[in-house]
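The structure under discussion appears below in the form of structure tokens.
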Amino acid sequence: MDKQLEWIMHLDKTYYVNVFGDRVPVAFTHGKGVYLYATDEKRYMDLLGGIAVNVVGHANPRLVKAISGQARKFIHCSSHYYIEGQSELARALVQKSFADRVFLCNSGAEANEAAIKLARAYFYKKGAPRAKIISAIHSFHGRTLATITATGQEKYSKPFAPLPEGFIHVPFNNIEAMRAAVDSDTCAVLLELVQGESGILPADVEYIKAVRELCTETGALLILDEVQTGIGRTGTLFAYEQFGIIPDILTTAKGLAGGVPIGAMLATENAASGFAPGDHGSTFGGNPLAAAAALAVLEEIDQRELMKNAKVVGDYLMKKLRQIQKRTGSIAEVRGMGLLIGIELSSPIAVEVRKMCFEKGYLVNSIGTSVIRIAPPLIISKRQAAAFISALSEILSL
């Protein structure tokens, strides 16, 4: 182990709150494109992308120019004043989606908090309050108190009881369970289109269409959590575009500013009417630096046709992974959309596979004991994807 990494690990273990445990033993000094470079100068292909964050890659020239240019002007000012970049980003997101209104914040959890508050405020302002929010078992919506309660995994919420009231969890992709749960007290249904933290589990198109119809019938608002699936990752800017429905509220974050912290809640004019001045806010949300970064990311995605690349390379990866599945039997299932892919292994060796990928210079994520997750930058080429496939094939053939 090199001395620089040793020192960094010592500082972490001595001073940082131990919420991450023993991390992967590496620290990076810089990145370029789909690669990260460690303190010992070893190069790694980043197939996790900061967990679906670095959509335009590392040290992207357009993004670097936008961030440094804005930093030379000013980084932050209060939302007491009009902010040009904030307004421009709101317009860009509206023009590229179903939405009429946008609220900017700093993370996916904050975006989901805003959506939860908006749904309840919407019915309160109508004079007919509704409290219940339905979400799915095995979902993940964030780390705040409300969003861990919305998350359908007890391991995230159990230590923090008592939890906020009004959250109900039902099985994912089960429309009968959803129909049984939604009633006249339901203000919103909150769903991911691909459950990311549970092993990359896509929703069925017919299920999502039926949930949309159910919400329309009962007056409940449909909130789609696209924190991970948004910003081109699935082959369209937002995954809902591939499901043939329109939500009332959508949340996104991760890739929106290419690594600069940001979150966004998008809403129809009707849904957005739940908020009035003073109902919500954010000190840092939509600050000039984050807005400049996000505008650069959206421009880069358009100019380089990265949504098309996400679909083409994503399809290529899944095709090659299924060939490994057929040839070796070491893969049980390949799931995903675009460049958000889950590889379920036939045996509980995901942690070992992740470590072997790391040793070969590939950064992937393991979920539980049997799933490998990849979410690389949208700039990844077929040639780079092929190199990973070759390495993984070799690992799974051992």
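The values are calculated or read from the model by the stated rules, or taken from the named source; none is laboratory data. Everything quoted here is computed from the prediction, not taken from an experiment. Every residue, glycine among them, receives a Cβ derived from its backbone with ideal geometry; neighbour counts consider all protein chains shown.
Structural remarks
- Residues within the range 210-226 that are closer than 27 Å to L340 by Cα and part of a loop (DSSP other than H, G, I, E, B), tallied: 1
- Selection of the range 244-287 for residues being buried (at least 19 other Cβ atoms within 10 Å of the Cβ) and over 16 Å from the mean Cα position of the chain (by Cα) yields I245, P247, D248, A267, A271, A272, G274, F275, G285, G286, N287.
- Scanning the range 172-201 for residues that are surrounded by fewer than 22 Cβ atoms within 10 Å (Cβ to Cβ), in contact with a helix residue (DSSP H, G or I) (Cβ under 6 Å, 6 or more places away or on another chain) and closer than 25 Å to A253 by Cα returns a single hit, N173.
- Condition met for T328 (surrounded by fewer than 21 Cβ atoms within 10 Å (Cβ to Cβ) and modelled with pLDDT under 95): yes
- Some residue of the range 113-134 being over 18 Å from C215 (Cβ atoms), of a type outside the set (K, R) and in contact with a Phe, Trp or Tyr (Cβ under 9 Å, 6 or more places away or on another chain): yes
- Picking from residues in the range 364-387 that are small (G, A, S) and farther than 18 Å from K308 by Cβ, the one that is surrounded by the fewest Cβ atoms within 10 Å (Cβ to Cβ) is G368.
- The range 126-140: number of residues that are part of a strand (DSSP E or B) and either surrounded by fewer than 24 Cβ atoms within 10 Å (Cβ to Cβ) or out of contact with any Pro (no Cβ under 8 Å at 6 or more places or on another chain) (or both): 5
- Top-ranked residue in the range 182-204 [being within 24 Å of the chain's Cα centre (by Cα) and assigned to a loop (DSSP other than H, G, I, E, B); ranked as nearest to K117 (Cα to Cα)]: L193
- Members of the range 227-273 found to be out of contact with any strand residue (DSSP E or B) (no Cβ under 8 Å at 6 or more places or on another chain), outside any loop (DSSP other than H, G, I, E, B) and within 17 Å of F103 (Cα to Cα), listed by number: K254, G255, A257, V260, N270
- Helices (runs of 4 or more DSSP H) lying entirely in the range 58-125 (those with 3 or more residues that are within 25 Å of the chain's Cα centre (by Cα) and closer than 28 Å to S184 by Cα): 108-125
- Exactly one residue out of Y207, Y156 is under 26 Å from N106 (Cα atoms) and assigned to a helix (DSSP H, G or I): that is Y156.
- Residue selected from the range 89-121 under the condition more than 17 Å from G259 (Cα to Cα) and in contact with a helix residue (DSSP H, G or I) (Cβ under 6 Å, 6 or more places away or on another chain), by the criterion surrounded by the fewest Cβ atoms within 10 Å (Cβ to Cβ): D100
- Elements of type helices (runs of 4 or more DSSP H) in the range 280-398, at least 3 residues being closer than 26 Å to L104 by Cβ: 288-303, 306-328
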